[in-house]
1. In this structure, does LEU119 turn out to be under 18 Å from the mean Cα position of the chain (by Cα), of a type in the set (A, V, I, L, M, F, W, C) and part of a helix (DSSP H, G or I)?
2. Quick check: anything in the range 180-187 assigned to a loop (DSSP other than H, G, I, E, B), surrounded by 22 or more Cβ atoms within 10 Å (Cβ to Cβ) and within 16 Å of the ligand (Cβ to nearest atom)?
3. If you go through the range 11-45, how many residues are more than 22 Å from TYR322 (Cα to Cα) and either in a helix (DSSP H, G or I) or assigned by TED's automatic domain parsing to the domain that holds ALA270 (or both)?
4. What is the residue count in the range 321-338 for residues that are in a helix (DSSP H, G or I), surrounded by fewer than 19 Cβ atoms within 10 Å (Cβ to Cβ) and touching a Lys or Arg at 6+ places or on another chain (Cβ under 9 Å)?
5. For ALA212, work out the one condition from (1) part of a loop (DSSP other than H, G, I, E, B); (2) more than 19 Å from ASN175 (Cα to Cα); (3) among the small types (Gly, Ala, Ser); (4) within 22 Å of the chain's Cα centre (by Cα) it doesn't fulfil.
6. Can you find, within the range 207-261, the residue that is farthest from the ligand (Cβ to nearest atom) among those that are of a type in the set (Phe, Trp, Tyr) and surrounded by fewer than 22 Cβ atoms within 10 Å (Cβ to Cβ)?
7. Name every residue in the range 157-179 that is more than 16 Å from the ligand (Cβ to nearest atom) and either outside the structural domain of LEU106 (by TED's automatic domain parsing) or in a strand (DSSP E or B) (or both), in order of residue number.
8. Between GLU289, GLU293, which is closer than 16 Å to VAL368 by Cβ, at pLDDT 95 or above and either part of a helix (DSSP H, G or I) or not assigned by TED's automatic domain parsing to the domain that holds ALA225 (or both)?
Amino acid sequence: MTRIASRVSQLNGEGALAVYSRAKQLERAGRSVIHLELGEPDFHPAAPTVDSLRNAVAAGRDRYCATRGLPALREAIAAYLKRTRRLDVAAEQVLVAPGCKMALSLAMMALIEPGDEVLFPDPGFPIYPSFTRGLGATAVPFGLEEKNQLQPDLDQIAAKITPRTSVIIFNSPNNPTGTVFSARALEKIAEVARKHDLWVISDEIYARILFAGEYQSIRGLPGMAERTVIIDGFSKSFAMTGWRLGYAVAPVHVIDAMDLLVLNTFTCTAEFTQMGAIEALRDSTGAVEAMVEEYRKRRELFVAGLNRIPGFRCQAPQGAFYAWVNIEETGLSAEEVQAILLEEGGVAGIAGAAFGPGGKNYLRFSLVSARNLLEDALERMQRVSLHWRAAVSQQ
Ligand SMILES: Cc1ncc(COP(=O)(O)O)c(C=O)c1O
């Protein structure tokens with residue numbers, strides 16, 4: 001019997017895609033749907049970035065190229081991290097990959113052994129536990145709970161370390177909660193990592209989408225450059241999701257290991273997209289700042305509106321572009337609220353369990369639609385909240 005390798009059965013999909021296909025089905029049947037389910041910016045890359053890619057293709061930059069990425073892009077990433085995160089990174093500590101997910105999976109393949117234990121946030125990006133299990137390791141969640149302002153419970157993290165723990169993965173700003181890990185949380189996680197000789201995989205894909213303060217990377221803390229792998233890329237900060245461009249920053253021996261994995265799998269990232277990425281990092285039109293300003297306005301409008309809907313409670317996200325809404329007081333499950341919003345209201349959001357058991361009483365909405373659409377979505381939600389208003393008023 002031909003069979004599929006058992007590691008595949010350990011993987012899970014992503015909840016957003018299931019909601020998206022149902023929403024598309026409704027649209028095909030003539031219904032109007034406001035899409036707040038996917039984490040895909042409604043912006044497009046800045047014009048000079050697109051021009052640069054076009055020129056690169058015209059100039060024949062469409063051949064195989066360096067496995068770990070174009071030297072010029074790796075240099076540009078190092079300079080960008082200095083400029084935006086005050087990190088001292090050498091170009092040889094950077095590896096370019098087709099998307100953050102690919103950079104993440106290469107890092108995980110390079111660092112995780114079967115039987116290892118890997119700590120990850122719950123709620124969090126569903127690929128962390130999925131790919132951990134796919135590598136034959138055990139995924140160990142740590143909570144991001146409202147009682148701790150959605151910050152990690154540092155005692156819980158310390159208590160979950162065993163001799164098998166090898167990696168802590170986290171994402172700040174976090175998808176789906178919008179939490180920016182506090183300076184204290186980063187210091188404590190770094191302390192635990194140093195004490196137990198652990199790797200930290202710091203997914204910084206939303207680092208630029210920050211609503212207050214300056215981004216602090218755990219890699220900048222004492223003793224952390226040699227045990228941290230940063231994952232970042234172009235999908236969110238530069239609205240380049242479909243270009244498939246990400247990168248990892250890690251000690252050179254980790255980059256060497258990841259490079260061998262690249263050679264054994266996809267050979268290299270497309271050269272012309274990398275040429276565009278160099279231009280994106282230059283950001284000559286100030287596109288990132290303008291985009292973040294627009295997310296800020298959407299956040300203000302949408303979070304205030306959500307908190308006016310009976311049974312909904314939402315803290316303003318500190319970063320990323322998601323609203324994480326507690327729906328416990330509706331008396332319904334998040335899946336029921338998700339279905340009512342989509343089927344009757346024409347608003348697509350995702351029930352939080354898609355991001356782990358810690359998301360059970362939540363819904364995630366992406367702020368990736370224009371403000372007039374967000375206003376429309378709020379009106380629709382108010383309308384269908386009739387379904388649970390009686391339950392809320394009894395409380
Ligand atoms: C936390 C996090 N990491 C990684 C990714 C994947 O990024 P990319 O599209 O560049 O592979 C996403 C996308 O939603 C994300 O939210």
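1. On the way: under 18 Å from the mean Cα position of the chain (by Cα): yes; of a type in the set (A, V, I, L, M, F, W, C): yes; part of a helix (DSSP H, G or I): no.
Spelling it out, it is not the case that LEU119 is under 18 Å from the mean Cα position of the chain (by Cα), of a type in the set (A, V, I, L, M, F, W, C) and part of a helix (DSSP H, G or I).
2. yes
3. So the answer is 4.
4. Within the range 321-338, residues that are in a helix (DSSP H, G or I), surrounded by fewer than 19 Cβ atoms within 10 Å (Cβ to Cβ) and touching a Lys or Arg at 6+ places or on another chain (Cβ under 9 Å) number 2.
5. All conditions pass for ALA212, except number (2).
6. Per the criteria, the residue is PHE211.
7. THR165, SER166
8. GLU293
The values are calculated or read from the model by the stated rules, or taken from the named source; none is laboratory data. Computed from a predicted structure; not experimentally measured. All Cβ positions, even for glycine, are placed from backbone atoms using ideal geometry, and neighbour counts span all protein chains on display.
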